Amino acid sequence: MPRYFDVCNGDADGLCAVVQWRLAHPEPATLVTGLKREIDLLGRLQADAGDEVLVCDVSMQRNLPALQRLLACGVRVRYFDHHATGEVPRHPGLQVHIDLSPRACTSVLMDRHLHGRFRAWAVVGAFGDNLAQPADELADALGLSLPQRHRLRALGESINYNAYGDDERDVHVPPAQLYRTLAAYADPFELLAHEKVCRELHERREADLQQARALAAWRVDASGRIFLLPDAPWARRVSGCLANELARGHPGLAHAVVVPTPRGDLRVSVRAPLTARGGAAELCARFGGSGRAGAGGIDALPRQALDRFAAAFASAPWTP
């Protein structure tokens, strides 16, 4: 009998994509996930020939050696993602669903594949990934009211917030534990009605954002702003949410949010202007990071490289 493994980013997009798949295909599966910046996840798997692996919202480029090892062992892999891939292996055991366009996220790709069977969860994932227009289009197809959209948006943003931190001591709920709560509900509105963790995450997110909103930008230029946050757990938790909020509030500007880590380096979240969703992944790759067209990150920027990053950020060719 094959074993089943689900590998995903611990943010809203990754978790909501796997929720959709497992509602449609309820085999007992081992979940492998982590915080937002834990990307090298396939290397944790010990799968054998005939086993099946679902991968959602995890960069193929960052996991290519582990993917090739699994395929060589006879493992069947389904890969849903919207991040940079590098060269995609050609292998009969690999099924790929990848869309690099700035309007795509993994939850949207899963919704397409499942023909909208659990579309409300795709709405949650898209809102959590800061893709408001695709999320609204899916919500239109469901006939959701404005208050219903606001509730799903708050849920997606809260799940996404819970993925940010240096380790699990920074977050309210380990992503694997949060997934088990989400996956118990075919309808996210039922989740909201019965699980207090949704309210708790929303309240904690708002409290952290209130502290972040009080900070002035560190650097401002014609095309974007950089914010430096303090070395504190709340700052590590809120960095991604703040970057998304700043992007929505000033859609013509790029934004970067920089947070110290306990290791002494810096973690950076980058958002391209919403009016030109391109260039974030390329900028982050210059400093050892990765991402997608509209959003990217750098896990470990040396402090002495901050000014060099700021100069590159200021001159970045943000592209539609």
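The values are calculated or read from the model by the stated rules, or taken from the named source; none is laboratory data. Given the structure is predicted, the values throughout are model-derived calculations rather than measurements. In this analysis, Cβ positions are derived from the backbone assuming ideal geometry, glycine residues included, and neighbour counts consider all displayed protein chains. The area values use the complete protein model at the heavy-atom level, side chains included, leaving out ligands, DNA and RNA. Shrake-Rupley method; radii C 1.70, N 1.55, O 1.52, S 1.80 Å.
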Once both label points are put 7 Å beyond Cα along the C-beta direction, the Gln133-Glu190 separation in nm becomes 3.4 nm
Test item: Cα-centred dipole of the chain, Lys/Arg +1 and Asp/Glu -1 on Cβ, debye = 380 debye
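Extension gain Arg303-Glu200, at 0.36 nm per residue separation less the Cα-Cα distance, in nm?
33.7 nm
Classify the range 64-169 as rounded, prolate or oblate, taking a ≥ b ≥ c as the square roots of the eigenvalues of its Cα gyration tensor: rounded when a/c is under 1.5, otherwise prolate if a/b is larger than b/c and oblate if not.
Numbers: a/c = 2.61, a/b = 1.68, b/c = 1.56.
It comes out prolate by the Cα gyration axes.
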Let me know the shape class of the range 201-289, please: from the alpha-carbon gyration tensor, a ≥ b ≥ c as square roots of the eigenvalues, rounded when a/c is under 1.5, otherwise prolate if a/b is greater than b/c, or oblate.
-> oblate
Isolated Cys residues of the chain, judged by Cβ distance under 4.7 Å to other cysteines = Cys16, Cys73, Cys105, Cys198, Cys241, Cys284
Per its Cα gyration tensor (rounded if a/c is under 1.5, else prolate when a/b beats b/c, else oblate), the range 1-84 is best filed as oblate
For the pair Arg103 and Thr181, the simple spin-label estimate (label points 7 Å beyond Cα toward Cβ) gives in nm 3.4 nm
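Can you give the calculated 222 nm mean residue ellipticity of the chain, where each DSSP H run of n ≥ 4 adds -39,500 (n - 2.57) and the sum is split over every residue, rounded to the nearest 500 deg cm²/dmol? List each step's numbers first, then the result.
Numbers: 12 runs with 136 residues, N = 320.
Calculated mean residue ellipticity at 222 nm is -13000 deg cm²/dmol.
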Could you work out how far the C-alpha centroid of the range 70-103 sits from that of the range 153-180, in angstrom?
-> 26 Å
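Based on the Cβ-Cβ distance from Arg169 to Leu64, what FRET efficiency comes out when R0 is 25 Å, to the nearest 0.05?
On the way: r = 31 Å, r/R0 = 1.22.
For R0 = 25 Å, the calculated efficiency reads 0.25.
Which order do the peptides 122-133, 64-75, 206-217 take when ranked by the mean count of other beta-carbon atoms within 10 Å per residue, highest first?
122-133, 64-75, 206-217
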Note, the range 28-33: 3J(HN,Hα) by Karplus (6.51, -1.76, 1.60, θ = phi - 60°), whole Hz, Gly/Pro = x, goes x, 10, 8, 8, 10, 8
Pulled fully out, how much extra length does the chain show between Leu142 and Arg117, if you take 0.36 nm times their separation in residues and subtract their Cα-Cα distance?
-> 7.9 nm
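For the range 1-131, what does the accessible surface come to per residue with a 1.4 Å probe? Please give it in Å².
Working: 4950 Å² over 131 residues.
Counting only protein heavy atoms, the per-residue value for the range 1-131 is 38 Å².
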Determine the percent antiparallel among the DSSP beta bridges restricted to the chain, to the nearest 5.
-> 40 percent
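Given a 1.4 Å probe and every protein chain left where it sits, what share in percent of the accessible area of the chain is carbon and sulfur?
On the way: 6790 of 13080 Å².
Reported share for carbon and sulfur atoms: 52 percent.
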Expressed as a whole-number percentage, the relative contact order of the chain with C-alpha contacts under 8 angstrom and at least six residues apart is 14 percent
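With a 10 Å radius around each residue's Cβ, average the other Cβ atoms per peptide and rank 80-88, 20-28, highest first.
80-88, 20-28
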Surface/4 of the Cα convex hull for the chain, nm² | 15.4 nm²
Which log10 I(q)/I(0) values, to two decimals, does the range 261-314 give at q = 0.29 Å⁻¹ under the Debye formula with one point per Cα?
-> -1.13
